[in-house]
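Comments concern the structure below.
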Amino acid sequence: MIKLENLHVHYQTDQGRVHAVRGINLEVQPGQFYTLLGPSGCGKTTTLRSVAGLETPDEGEIYVGDDLVFSSSRKIVVPPYRRDIGMVFQSYAIWPHLNVFENVAFPLREMKRRFSQQELRNRVAQALTLVQLDGLMDRPAPFLSGGQQQRLALARALVKEPSVLLLDEPLSNLDAKLREETRFELRELVKRLGITTLYVTHDQLEALTMSDRVTVMDQGCIVQSGTPMEIYQAPQERFVANFIGLTNFVEGRVHRTAGGQNQIGEVETASGRLRCVLPDDIASGDSVVLLIRPEDITVAFDLSFHRENVLHGQVDALIFMGDALECQLLVGGQRLRTKLHPSSGIQRGQTVALHLPAGRCRVLRSS
Amino acid sequence: MTQRKCLFLILFLLWARVSIVDDGWAASLPKSTEEMLKKLKLEANILSNIDKELEVPKGWLEGAKGEGKLRIYHTMDPPQAEVMFRPFKERFPFVPIEYSRASHEDRAVRTLVAFKNKRIVTDIITGLGGSFFLYKEAKALEDMRNIPNFKNNPEGTVDPEGLWVGMHMRYWCMAYNTRRLKREDMPKRWDDLLTNVKFRNGNLAIGNRPQLWALALWKANGEPWAKDFLAKLFTEVKPQLRREGMNANLELLAAGEFDATIPAAEYRSYQKALDGAPVSYHCPEPVPVAVSEMGILKGAPNINAARLFVNWFLSTEGQIAQYVGDYAPPVHKNLQRKELVPFADQIVGKKDAFRDPGVELEIQPKLLAYWDELWLRGGGKTRGR
Amino acid sequence: MWVASRPLVWHSGIFLLVLVLVLVPLIFLVLGSFSTARLPGDFSLDTMGWINYVKVYTDPGTYELFTNTLVYVGGSSLFGISLAVTLAWLVERTNLPVKLWIYAGVPMTLAAPGMLQAMAWVLLLSPRIGLINKWLQDLFGLEHPPINVYSLGGMIFLEGLRLVPTAFLMLVPLMRSMDPALEEAAAVSGARPLSIIRKISLRLLAPGLVAVMIYQLMTALEVFEIPGVLGLPAGIYVFSTKIYAIVRSATFMPVYGQANALAMVYLLMAVVTTYFYARMISRSEKYTIITGKGYRPRQLNLGKWRYPAVILVFLYLFLAILLPFAVFVYASFLSYVQTPSLEAFKGMTLKNYRLLAEYGEVGAALKNTILMVAVTATATVFLSFLVSLVVVRSKFWGRKLLDQLAFVPHAIPGIVMGIAFFWVFLKIDFLPIYGTVWAMAIGFTVSFLSYGTRSMNASLLQIHKELEEAAYVSGAPPWRTLWRVFLPLMLPTFVGVWIWVVLHAVRIAGMPLMLYEGPQNQVLSILIWNMWDEGYVPAVAAIGTLLMLTLLLLTLVVRYVGFRQQFMQAPNV
């Protein structure tokens, strides 16, 4: 497992000193697939590299497995080559002067234990099989394709069976199709081996599909942490909502606070009064923003059978996305995005009705 | 009466015997020496006195045996030096020699600098030139008056305090390209150089070492003459002003870069001629002549070997060996003869202008200042100050 | 480099070492310029004075020097760099057919000792005896010889030719690392090839180009063999020859103090140029996209321009290598120098070569040279690498300063360095360096550090940081990472620098002349210089021929191997 306590990291750039990580606390359970998600510059990579030992934090504690590898108070700094980790870099960092076998065997050669030639071959072959690169042992590394290099990097990281696997945006250089396949394979492999995994990415789709737990970061701080579903369906900050998936934001004011068990209240917006889920600590009259995902909005010509949360608007844009039709509607001066099945016969310019199910409308306080 | 006749007979026989024994002694000369004599077609009894000459205090021989390699800095080419050393090596096989060519005065300077820092990098040094005074000041030279053959050198060719000895005579005259100029064209006196048109239009080259020849002329013919001559030389004759070394100039002369060059050394010109180059030598009167100096560093570790060497070098054998090595005319007072001077007909019998060290001190600065002016105006740019 | 307390110690160690090696001669330079004592070693406070400066800088001749030097240095740098850029560009960015010839041939120019080349050109273009002049005169019936090599023009031409190889070696990696996308963007915007070159490629290259030019400008400033042989007879003085003349003064005493005072100009220039050089380099780095994925810059199709390009290449090789080489081979068989004629050919002899074989001096010089050169090359590679590691990969506080320190010796003429080291080694006589080949090796290493670090810096920058980090997280401590990752990837650079140093150390005479003490440290360049000075031109030609043959062979082998390897490997990562 991995544990970070009050981690602070600064570094020097041409523009001065940057406080990249500001007091992070997190814990990765053994065997968990944990993702750090956020835009560039949010500090996720710096955090990962601190766990690896490639960056030296200024303050805090880091545990890898059971070992305390960094402690500012106790002045402990364990160098990367003594941590029980495996890491995959964004550029793969395959050594061009070594062939596939030597690249994978490298960590084994650095271990205190001495392996015989046969043992080496066996272990390397095993690692290559895991990543489906069998039979390429003698090939010079630069002659591999991008995807193959990525798998090679993974094999190298796994060959010494570390307790922790660190991955720094390993899929960003692959093409879309390959990325999709690899996402799936990677998670399967890691789960099968039961290795604690810390994954860094800016791609929210990767985060959602692969992780057991997602932590969204922004400007060096943790914004929200939770399961993919929690993060997606119950964002607690506007930032998270905006970053993950598509969201429609509708400004409004609380008209009536939640009553009853289902915590549904009413919010007055420019398009009318809408019923939605309110958080506990909200009061009547507060400025809020209402979030609703495009796929939750129903669009039709007649939705009068719904008693509440029905709006009317004009179709302004239709964008064919292959598996869906994005329909942008102008509703009360605001643009709302919705997702329709491609076979929907809606045309531009038409006036349509929208239904926003109350349970799917979430409200956050306006900050 | 008969008794007196007998006495005369005996004396006569003794004398005859001695002569015969002389020839017999000739037979005990080192092989290389015999070859030398044959090569130069010299009579064997030129070396009749050699054994006496080479008598040295026993301590020197014993001392030399225990010393290391004798280090000599000289300006000769190594192969030529090898030739020169052969008789010495035959006579004194227990003295190994380490020879380095030391051309250029800055080498002398560096040796002195090293000496002042308590490092004696050589035992024998030659070519001291102007740096002699610094050596004297630093008390860096041995007094060599205790070397027997010191007295072989004529006056003016040794330091009165014994700090340096002359090694050979050196003449600095003109060399010319035989394809372009004839003997008849060459100037009888230095003044004639100014009037002969054959030396104009850059056909004549001048090297940048006035102290080798003009200094002696200044002394011999006086200051007004010298200034006038040099001025006219630069402004009327307008020679090519070359910065190459004197020997390099000879090479260029042979190649045809110019028709004549001043100053040229006799030994080098001779070597070139022997090589087949179309080069010959000519000396207008008076003939500038100087000696090259040799000294022993004070406190040299191989002092006995050094003394042995210098003693041998100043003997008739040594001086002849030097001539065979690189055609340098001996300084030995008994060896002043035509066979041992290259281009003898050019030199022997003419009036000479000798450059002694006193001259250097008083006249040289004036000469150099005057020369620099001329050189600069003549387009040669400053000589190096 | 992974920064923690322990690595810092060796960083400081390297810094200190370089500081000492570079500053000591510089301090001597400065102090000595104030010394009015006759001898360089006789330094004491009461012989200090400004008189050297007064003498040197109030002499109107000195200012003429400035103009001459400016024209000469500017002209030769411009000529040399233009040629080098063209050749480098032809090799890296076009589909020229004869690339191996350029790649192997250009560095070979370094094999010829400077004065031998100059001498060869004298034999070809001297107004009186020049072969080409004679031939042209015969051909066109001219009265006067058309070309005079003893001129600024001659000096510029020859020095320009000699500046090409090093500039070429520095420009090739620059060309190689340009991002093709930038040019392709211009192409699809409608720009024609020449326009692309002018507006995009050259502009991107500009900072790097300027840096190389500054570097070679400094080279041209300090060499003295070409201006010495060609300029002195014509009375054309430049800075380097003036300093040389002061030291080798024909008067009774070389005035070392004045030489140093004049050399202070170099020091000033060193500071100024180092500053500009550093700025150019950092700008250049911004423009150079380090293609982590190894895109090969696109190759321009020369089409019909192929033929003129090939002719240009061979013309260069002919003028820079073949012609001078032919001249020395010819001269080496003569008894004395003469222009080619039936008589000359009849008089040819093997005498010079035989003499070399018999000359004990040559054998000893050869041994010394091999030892000295091998030690220097290895030490330079080793030290440059360590310095580069600190400069490029560490966070050591003094790394920029270290980089500049390593660069400064390039500006100081070899003779001046030589005098400085001579004095230093004398003073520290508890170390047995004085008068040995080690003295020369140390002196040279300091001088060559600038080239070594330039090369290593550029090369290290190309190695992606993550290759290093991947080794760490795979369990390799820093020294193992060095051994298993850096060294193999840097090997081509090591070899390149090693060869370059060998080629230079073998033929440079300036500094060794000052440190030469006797047969135990006489090296070939000194032998050649002495013999040339004594006028034994044919013998020098013989040594020169053999030397050139050996070096040519060495260069050819190394370049051929390197060239093949480079094209076999996939694009660099």
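Looking at A:GLY31, A:GLY43, which one is closer than 17 Å to A:VAL216 by Cβ, at pLDDT below 95 and away from every other protein chain (no Cβ under 14 Å)?
Result of the check over A:GLY31, A:GLY43: A:GLY43.
Exactly one condition in (1) within 21 Å of B:GLY299 (Cα to Cα); (2) at the interface with chain C (Cβ under 7 Å from one of its Cβ atoms) is not met by B:GLY130; state its number.
Single failed check for B:GLY130: (1).
Residues are listed down the side, and each one gets a yes or a no for (1) modelled with pLDDT of 75 or more; (2) buried (at least 20 other Cβ atoms within 10 Å of the Cβ):
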{"site": "C:ARG279", "(1), (2)": "yes, no"}
{"site": "C:SER284", "(1), (2)": "no, yes"}
{"site": "C:THR288", "(1), (2)": "no, yes"}
{"site": "C:PHE328", "(1), (2)": "yes, yes"}
{"site": "C:THR339", "(1), (2)": "no, no"}
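Suppose we filter C:GLU143, C:GLU183, C:GLU159 for residues that are in a helix (DSSP H, G or I) and farther than 18 Å from C:PRO227 by Cα; which single one remains?
Numbers: C:GLU143 fails: in a helix (DSSP H, G or I); C:GLU159 fails: farther than 18 Å from C:PRO227 by Cα.
Matching residue, one of C:GLU143, C:GLU183, C:GLU159: C:GLU183.
Only one of (1) of a type in the set (Gly, Ala, Ser); (2) touching a residue at least 24 places away in the same chain (Cβ under 8 Å); (3) closer than 22 Å to A:ASP296 by Cα fails for A:SER211. Which number is that?
All conditions are met except number (3).
For the range B:273-289, which positions are within 14 Å of another protein chain (Cβ to nearest Cβ) and either within 19 Å of B:ASN208 (Cα to Cα) or without any contact (Cβ under 8 Å) to a residue 60 or more places away in the chain (or both)? Outline the logic, then answer.
At the first step, the residues of the range B:273-289 found to be within 14 Å of another protein chain (Cβ to nearest Cβ) are B:273-280.
The answer is B:ALA273, B:LEU274, B:ASP275, B:GLY276, B:ALA277.
Which residues, taken from the range C:482-513, are in contact (Cβ under 8 Å) with a residue 12 or more places away in the chain and within 8 Å of another protein chain (Cβ to nearest Cβ)?
C:ARG484, C:VAL485, C:LEU489
For the range B:95-110, does any single residue satisfy the condition of being buried (at least 16 other Cβ atoms within 10 Å of the Cβ), over 22 Å from the mean Cα position of the chain (by Cα), within 12 Å of chain C (Cβ to nearest Cβ) and in a helix (DSSP H, G or I)?
yes
Name every residue in the range B:201-231 that is on the phi > 0 side of the Ramachandran plot and within 13 Å of chain C (Cβ to nearest Cβ), in order of residue number.
B:ASN201, B:GLY202
Determine which single condition B:ALA138 fails, assuming it passes every other condition in (1) closer than 25 Å to B:ALA328 by Cα; (2) within 11 Å of chain C (Cβ to nearest Cβ); (3) touching a helix residue (DSSP H, G or I) at 6+ places or on another chain (Cβ under 8 Å).
Every listed condition holds for B:ALA138 apart from (1).
Would you tally the residues in the range B:141-169 being part of a strand (DSSP E or B) and touching a helix residue (DSSP H, G or I) at 6+ places or on another chain (Cβ under 9 Å)?
Our first condition is that a residue be part of a strand (DSSP E or B); within the range B:141-169, this holds for B:141, B:158, B:165-169.
Next, from what is left, pick out any that are touching a helix residue (DSSP H, G or I) at 6+ places or on another chain (Cβ under 9 Å): B:141, B:158, B:165, B:167-169.
So the count comes out to 6.
Given the condition of a type in the set (Asp, Glu) and farther than 22 Å from B:LEU29 by Cβ, answer yes or no: does some residue in the range B:318-332 qualify?
no
Would you list the strands (runs of 3 or more DSSP E) that sit entirely within the range A:220-305 and hold 1 or more residues that are aromatic (Phe, Trp, Tyr)?
Details: elements: A:221-226, A:248-259, A:264-269, A:272-277, A:287-292, A:298-300.
Correct list: A:248-259.
May I ask you to verify whether B:VAL113 is in a helix (DSSP H, G or I), free of Cβ contacts under 8 Å to residues at least 12 places away in the same chain, at the interface with another protein chain (Cβ under 8 Å from one of its Cβ atoms) and crowded, with 19+ Cβ neighbours inside 10 Å?
yes
Would you confirm whether or not the range A:39-48 contains a residue that is farther than 20 Å from A:ASP67 by Cβ, in contact (Cβ under 8 Å) with a residue 40 or more places away in the chain and in a strand (DSSP E or B)?
no
Out of the residues in the range C:293-352 that are part of a loop (DSSP other than H, G, I, E, B) and of a type in the set (Gly, Ala, Ser), state the one that is farthest from the other protein chains (Cβ to nearest Cβ).
C:SER341
Go through the range B:232-271 and give me each residue that's at the interface with another protein chain (Cβ under 10 Å from one of its Cβ atoms) and assigned to a strand (DSSP E or B).
The answer is B:GLN240, B:LEU241, B:ARG242.
Where the second residue is in a strand (DSSP E or B) and of a type in the set (Phe, Trp, Tyr) and the first is under 15 Å from B:ALA353 (Cα atoms) and lies in the range B:170-186, which pairs have Cβ atoms under 7 Å and are six or more apart or on separate chains?
Here the result reads B:CYS173/B:TYR281, each pair linking the range B:170-186 to a residue that is in a strand (DSSP E or B) and of a type in the set (Phe, Trp, Tyr).
If the requirement is being under 25 Å from A:ILE24 (Cα atoms), crowded, with 18+ Cβ neighbours inside 10 Å and touching a residue at least 24 places away in the same chain (Cβ under 8 Å), which of these qualifies: A:LEU158, A:LEU166, A:LEU186?
None of the other options fit; the residue is A:LEU166.
Suppose we filter B:LEU70, B:LEU40 for residues that are aliphatic (A, V, I, L, M), within 16 Å of B:ILE303 (Cβ to Cβ) and more than 11 Å from chain C (Cβ to nearest Cβ); which single one remains?
Only one candidate qualifies: B:LEU70.
When you look at C:PRO519, is it within 9 Å of another protein chain (Cβ to nearest Cβ), out of contact with any Gly (no Cβ under 7 Å at 6 or more places or on another chain) and over 21 Å from B:HIS74 (Cβ atoms), yes or no?
When the stated conditions are applied, C:PRO519 does not pass them.
Which one of these is charged (D, E, K, R), surrounded by fewer than 20 Cβ atoms within 10 Å (Cβ to Cβ), touching a residue at least 40 places away in the same chain (Cβ under 8 Å) and more than 15 Å from C:LEU78 (Cα to Cα): C:GLU225, C:GLU184, C:GLU143?
Just a single option satisfies the conditions, and that option is C:GLU184.
The values are calculated or read from the model by the stated rules, or taken from the named source; none is laboratory data. Since this is a predicted model, take the numbers as computed values, not measurements. All Cβ positions, glycine included, derive from the backbone under ideal geometry; neighbour counts span all protein chains shown.
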